[in-house]
Structure formats: structure tokens, C-alpha cells
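Down below is the structure, laid out as C-alpha cells.
The values are calculated or read from the model by the stated rules, or taken from the named source; none is laboratory data. Since the model is a prediction, treat every value here as computed from it, not as a measurement. All Cβ positions, even for glycine, are placed from backbone atoms using ideal geometry, and neighbour counts span all protein chains on display. Ligands, DNA and RNA are stripped out before the accessible areas are found, and what is left, the full protein with its side chains, is counted by its heavy atoms. Shrake-Rupley method; radii C 1.70, N 1.55, O 1.52, S 1.80 Å.
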Amino acid sequence: SELLGLGSMHALFTPQELARVGELNRRRLAGESPPAVYEMEMLRADGRPVRLLNHARVVNWDGVDAVQATLVDVTERHRALEQLRAEKDFIERSIDSLPGIFYVIDAEGRFVRWNRSLETVSGYDGEEIARMSPLDFFAGDDRHLIAERIAEVFEHGESGAEADYQVGLA
């Protein structure tokens with residue numbers, strides 16, 4: 001309904017977006033295969049931006065090739081994703097700011113997430129830690145104790161232990 005009475009949809013595009021969509025449509029009509037589904041931004045009649053998912057394809061309309069577009073408003077989804085990214089960034093910064101070592105492992109004992117303190121204290125970089133296990137930082141009886149306690153966490157949801165952390169064992 002916002003499009004009615006405007007005379008041209010071009011008034012709803014920013015100049016950059018109009019040029020991008022025009023080029024994609026030109027390529028489409030020339031027989032090339034640019035992306036058929038892509039996001040774009042248009043302006044509402046009140047001037048506010050709206051994020052759209054454009055499904056475009058060439059159709060034959062009374063003997064003339066034309067671009068048919070179906071536009072789906074994804075503005076709220078886009079905002080929700082931006083909010084999730086901001087929350088994820090906040091969580092990442094919070095974890096990295098913890099004063100001690102923090103990590104999460106999966107049931108196979110592989111690191112899933114860790115803070116910078118683990119890298120700083122261990123001297124290993126992120127790629128190396130991703131290939132390691134927490135058990136790589138313990139030796140002898142301490143290693144067995146930590147293995148038992150990790151199993152308890154996965155079985156009962158919690159456990160605790162005190163052991164000597166050793167750098168350079170892996």
C-alpha cells in the first residue's frame with residue numbers, strides 16, 4: 001500500500017541500492033546468473049529504512065522478458081540478529097575479562113570456548129588450544145583426578161578439584 005501513488009518505485013531506493021539492483025536486473029535479463037535471493041534496503045514512504053529479502057527471476061510477460069521480484073520484509077529479523085550479535089559480543093568480552101582461566105569443553109573433552117587467560121597462562125594460541133584437551137595441562141595423579149572430575153561434571157552437573165596446572169606438557 002505504501003507504493004501506491006508514488007509513480008515509481010525508484011523513489012523508494014537509495015541511489016546506491018538503485019544502482020546495485022539495476023545492475024543485478026541487467027545481468028539477469030542478459031542471461032547471467034546473479035544471486036536470485038538477496039537482501040536489499042528500501043525507504044518507506046515516511047523515510048524510514050526497511051530491510052527486504054528479494055527473490056528475483058526472469059519471466060516472460062506477453063513476449064517480453066521482465067524481472068519478477070517478490071519482496072519479504074525482514075527488518076525485524078535483521079534487528080533481532082543485530083541484537084543477538086551485540087549480546088554475543090558482550091558475553092565474549094565478559095568471558096575474556098574474567099581474571100582466571102575459564103573454558104567450556106564438550107563431552108569428548110574438546111575445548112569449545114575459552115578466555116584469553118587460558119592462552120596467556122598456557123602460552124598456547126587459540127588454534128593450538130582448539131586441538132587440545134584440559135587434561136593436556138595436568139600430569140600424573142592430577143591428570144587422573146581431573147579426568148574423574150570432568151566425568152562427574154557430565155554425570156552430575158558439577159564437581160570440584162584442586163590440582164597443579166602445568167604449562168608445556170602438551
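Per-structure values
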{"item": "Average accessible area per residue (Å²) across the chain - probe 1.4 Å, nucleic acids and ligands excluded", "result": "68 Å²"}
{"item": "Packing-based order for 22-28, 49-55, using average beta carbon neighbours within 10 Å, highest first", "result": "49-55, 22-28"}
{"item": "Difference of contour (0.36 nm per residue) and Cα-Cα distance, Arg79 to Glu17", "result": "20.4 nm"}
{"item": "Cβ charges +1 (Lys, Arg) and -1 (Asp, Glu), total dipole of region 125-165, debye", "result": "100 debye"}
{"item": "Long-range HN-HN contacts of Asn115 with modeled amide H, under 5 Å", "result": "Phe102"}
{"item": "Summed residue charge, Cβ within 13 Å of Val104's Cβ, Lys/Arg positive, Asp/Glu negative", "result": "-1"}
{"item": "Rounded percent of accessible protein surface that carbon and sulfur make up, region 1-146, 1.4 Å probe", "result": "56 percent"}
{"item": "Which of Gly123, Tyr103, Leu135, positive extreme of dipole for region 99-143 (C-beta unit charges)", "result": "Tyr103"}
{"item": "Table column - 3J(HN,Hα) (Hz), region 18-33, Karplus curve with 6.51, -1.76, 1.60, x for Gly and Pro", "result": "4, 5, 5, 5, x, 5, 4, 5, 4, 5, 4, 5, 7, x, 6, 10"}
{"item": "Charge tally in the Cβ shell below 12 Å around Gly126, where Lys, Arg are +1 and Asp, Glu are -1, Gly126 excluded", "result": "-2"}
{"item": "Point-to-point label distance, Asp65-Ser97, nm (Cα→Cβ direction, 7 Å offset)", "result": "5.6 nm"}
{"item": "In sequence order, calculated HN-Hα J values of region 55-69 (Karplus, 6.51, -1.76, 1.60; Hz; x Gly/Pro)", "result": "9, 10, 7, 8, 10, 9, 10, 6, x, 10, 6, 9, 9, 9, 10"}
